[in-house]
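S.K.: Take this structure, written in structure tokens, and hold onto it; I'll ask about it next.
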Amino acid sequence: MADRHERFRDAGCDVVFVAHDEAALLRRTMLAELEPLPFPVLVDLDRRAYAAWGCTHAPWWTIWLDPRVWRSYAKLLTSGEKIRGRGSDTGQMGGDFVVGPDQRLVYARPQRVDDRPAVGELLSVVRETPA
Amino acid sequence: MATTTLTAGDPAPELALPTLDGEQFDLRGRHAPLALVSFLRHAG
């Protein structure tokens, strides 16, 4: 995470993460062994921001019966990633957005299945956006 | 709360939330020149 953050910072882009679980649970699971973090992680317990930014909730079968999800887990595990423990609601989808200097979105990609864009795709958007 | 589908060109919705340490963060006026906002799916 930290090395990727540097690549965005070097391209003139801040990185902000938003999560919907309690800070203590995040620190025990998703963020375990990753602190101190070079970017803010915001806590959205009532998920108002998730909803406002168009991040929907998916029924469990659309996630766990999707072979792409299992392929992505296999890829992460074989690349050395650890399973860090799940959160309170694995059906809450995320999303990636790039905000321009005029506070308008230059990129919007709400997650519909386990389909996060590659870091390279996001970096390309950032690098091609006039500051 | 109903969700909306945002696309490029739309105004960024408000993002004012506490950080992990409880400090208040507001995206507006705080980032330069771009910001990547990544909403996490907490799946393990």
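S.K.: Being open to solvent by 50 Å² or more (accessible area, probe 1.4 Å) and of a type in the set (Gly, Ala, Ser) is the filter here; which residues of the range A:93-123 pass it? Working first, answer last.
M.R.: Filtering the range A:93-123 down to residues open to solvent by 50 Å² or more (accessible area, probe 1.4 Å) leaves A:101-102, A:104, A:106, A:109, A:112, A:116, A:118, A:121.
Hit for the range A:93-123 is A:Ala118, nothing else.
S.K.: Now for a different question. Across the range A:7-48, what is the number of residues that are surrounded by fewer than 16 Cβ atoms within 10 Å (Cβ to Cβ), more than 28 Å from A:Val106 (Cα to Cα) and either modelled with pLDDT of 90 or more or hydrophobic (A, V, I, L, M, F, W, C) (or both)?
M.R.: Residues flagged as surrounded by fewer than 16 Cβ atoms within 10 Å (Cβ to Cβ), more than 28 Å from A:Val106 (Cα to Cα) and either modelled with pLDDT of 90 or more or hydrophobic (A, V, I, L, M, F, W, C) (or both) within the range A:7-48 amount to 4.
S.K.: Taking A:Arg4 as meeting all but one of (1) touching a residue at least 24 places away in the same chain (Cβ under 8 Å); (2) crowded, with 16+ Cβ neighbours inside 10 Å; (3) under 21 Å from A:Asp96 (Cα atoms), write down the number of the exception.
M.R.: Of (1) touching a residue at least 24 places away in the same chain (Cβ under 8 Å); (2) crowded, with 16+ Cβ neighbours inside 10 Å; (3) under 21 Å from A:Asp96 (Cα atoms), only one is false for A:Arg4: (2).
S.K.: Given (1) more than 24 Å from B:Thr7 (Cβ to Cβ); (2) at pLDDT 80 or above; (3) among the polar types (S, T, N, Q), where does A:Thr56 come up short, assuming only one miss?
M.R.: Unmet condition: (1).
S.K.: Residues in the range A:96-131 that are more than 16 Å from the chain's Cα centre (by Cα) and either of a type in the set (Phe, Trp, Tyr) or assigned to a loop (DSSP other than H, G, I, E, B) (or both): how many?
M.R.: 7
S.K.: Name the residue, out of A:Ala52, A:Ala74, that is more than 20 Å from A:Leu26 (Cβ to Cβ), in contact with an Asp or Glu (Cβ under 9 Å, 6 or more places away or on another chain) and either open to solvent by less than 80 Å² (accessible area, probe 1.4 Å) or among the hydrophobic types (A, V, I, L, M, F, W, C) (or both). It would help to see each step written out before you state the result.
M.R.: Details: A:Ala74 fails: in contact with an Asp or Glu (Cβ under 9 Å, 6 or more places away or on another chain).
Unique residue meeting the criteria: A:Ala52.
S.K.: Consider A:Glu81 against the criteria (1) within 9 Å of chain B (Cβ to nearest Cβ); (2) without any contact (Cβ under 8 Å) to a residue 24 or more places away in the chain: it satisfies all of them except one. Which criterion is unmet?
M.R.: Condition (1) is where A:Glu81 drops out.
S.K.: Would you mind stating whether A:Arg127 is among the basic types (Lys, Arg), closer than 22 Å to B:Asp10 by Cα and at the interface with another protein chain (Cβ under 7 Å from one of its Cβ atoms)?
M.R.: On the way: among the basic types (Lys, Arg): yes; closer than 22 Å to B:Asp10 by Cα: yes; at the interface with another protein chain (Cβ under 7 Å from one of its Cβ atoms): no.
Against the criterion (among the basic types (Lys, Arg), closer than 22 Å to B:Asp10 by Cα and at the interface with another protein chain (Cβ under 7 Å from one of its Cβ atoms)), A:Arg127 does not qualify.
The values are calculated or read from the model by the stated rules, or taken from the named source; none is laboratory data. This structure is a prediction, so every number in the text was calculated from the model and none was measured. As a convention, Cβ positions derive from the backbone with ideal geometry for all residues, glycine included, and neighbour counts pool all protein chains shown. Just the protein is used for accessible areas: all its heavy atoms, side chains included, with ligands, DNA and RNA removed. Shrake-Rupley method; radii C 1.70, N 1.55, O 1.52, S 1.80 Å.
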